[in-house]
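A short write-up of the structure that comes next.
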Amino acid sequence: MNDKPKGSPEFEDSGEFMPPLDFSSIIFPIYTQALIKLGMLEDPRTNKLETNLEYAKRLIDILDLLRDRTKGNLESEEENLLEAILSQLKLNYLKKIEAIKL
């Protein structure tokens with residue numbers, strides 16, 4: 001049994017740091033992948049900027065779904081974080097779409 005308090009940093013047997021689990025643990029990996037697919041971060045597998053707007057849109061839709069399904073159950077800080085992430089991703093997605101149309 002684990003005697004550590006919930007949310008405390010943990011170490012696996014290997015000694016690797018494991019951050020506490022919270023709502024950001026769910027949204028940050030999706031956010032990071034969306035940034036990669038928008039071509040705003042290098043893909044760590046290829047070390048190149050690559051764009052896949054269809055996949056980026058899907059990731060944004062997943063975050064929208066999470067926002068809708070967790071409405072009323074998030075702390076204000078979590079809600080604000082999710083809204084800020086969604087706003088940033090949607091704005092950058094629209095900029096990429098507009099650049100293609102030009």
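Observations on the structure shown:
- If you look at the Cα atoms of the chain, you get an Rg and a Dmax of 16.6, 59 Å.
- Distant-in-sequence amide H partners of Asp43 (H built 1.01 Å from N, under 5 Å): Lys48, Leu49, Glu50
- Modelled this way, with points 7 Å down the Cα-to-C-beta line, the labels at Glu54 and Ser24 are 3.4 nm from one another.
- A straight chain from Ile100 to Met40 at 0.36 nm per residue would run longer than the Cα-Cα distance by 20.0 nm.
- Derived scalar couplings between HN and Hα for region 18-32 equal 10, x, x, 7, 8, 4, 5, 5, 8, 7, 5, x, 5, 4, 4 Hz in order, rounded to whole Hz, by the Karplus curve 6.51 cos²θ - 1.76 cosθ + 1.60 (θ = phi - 60°), x for Gly and Pro.
- Entries in Lys37/Lys101; Lys48/Lys71; Lys71/Lys101 that, when Cα-Cα distance is taken, lie over 26 Å: Lys48/Lys71; Lys71/Lys101
- Between the alpha-carbon centres of region 26-42 and region 48-102 there is a gap of 9 Å.
- Residue order, fewest to most beta carbons within 10 Å, for Met40, Met18: Met18, Met40
Rule-based calculations on the coordinates, nothing more; no lab input. Everything quoted here is computed from the prediction, not taken from an experiment. Ideal geometry is used to build each Cβ from the backbone, glycine not excepted, and the neighbour counts take in all protein chains shown.
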